[in-house]
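J.: Following this message is one structure expressed as structure tokens.
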Amino acid sequence: MQWVFRAPEDWERADVDAAAHRALLVVEAPAYADDAYAGLYPLSLSARTQVLKGRLNSGEVIGCFRDLCDPRHSVRTLYFHTRFSTNTEPHPTMAQPFRLTAHNGELNTDRKNRLSDEALARARAWSIVRPPGQSDSSRLDQTLQSRVFDDGLDL
């Protein structure tokens, strides 16, 4: 499912990105706690990035996502990942999310990322809401998103 939002004309791109980040957190918090939404992982809610997901070969991407052929659609760069979960049961929910980053390989920093996130959350009296069974790529993506939007860091 894809949602499209329109921001007020006078908003800067940073305002739109911050509002999208807050909206994403509002969607995730109840969804990850409710079994009815098991497997839900919003790929992106962004003014800059459109993330599409499908079990496709590289030559099928453009044909499957017809909006990419629309002349009003502007694409500067297109990345795709052709494998699903190299070290787990292949399943679309384990595909790389690509919210803010893409990588080619298994992450060996997953435990450190989780410990760092938990320490920051405790220091701020925040709670971390994460989907059960998420991939290391998803956790890294969420960590980066938090550092960018919550801490104001630049990638």
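J.: Within 18 Å of the chain's Cα centre (by Cα) and not polar (S, T, N, Q), is that true of residue 68?
T.: Numbers: within 18 Å of the chain's Cα centre (by Cα): no; not polar (S, T, N, Q): yes.
For residue 68, the condition - within 18 Å of the chain's Cα centre (by Cα) and not polar (S, T, N, Q) - is not met.
J.: Next question. Restricted to the range 131-155, and to residues that are modelled with pLDDT under 80 and assigned to a loop (DSSP other than H, G, I, E, B), which residue is farthest from residue 37 (Cα to Cα)?
T.: Out of the qualifying residues, it is 135.
J.: So in the range 6-44, with the set limited to residues that are more than 14 Å from residue 129 (Cβ to Cβ) and touching a residue at least 40 places away in the same chain (Cβ under 8 Å), which one is farthest from the chain's Cα centre (by Cα)?
T.: 7
J.: So residue 93 clears everything in (1) part of a helix (DSSP H, G or I); (2) modelled with pLDDT of 80 or more except one condition, right? Which one?
T.: Failing condition for residue 93: (2).
J.: Out of the residues in the range 20-76 that are open to solvent by 80 Å² or more (accessible area, probe 1.4 Å) and among the acidic types (Asp, Glu), which is farthest from residue 9 (Cα to Cα)?
T.: 35
J.: Can you give me the number of residues within the range 114-155 that are surrounded by 18 or more Cβ atoms within 10 Å (Cβ to Cβ) and among the basic types (Lys, Arg)?
T.: 1
J.: Would you confirm whether any residue within the range 100-108 is open to solvent by 40 Å² or more (accessible area, probe 1.4 Å) and not in a loop (DSSP other than H, G, I, E, B)?
T.: no
The values are calculated or read from the model by the stated rules, or taken from the named source; none is laboratory data. On a predicted model such as this, the values are computed, not experimentally measured, just so you know. Neighbour counts run over all protein chains shown; Cβ positions are idealised from the backbone, glycine included. The accessibility values were calculated without ligands, DNA or RNA, using every heavy atom of the protein model including side chains. Shrake-Rupley method; radii C 1.70, N 1.55, O 1.52, S 1.80 Å.
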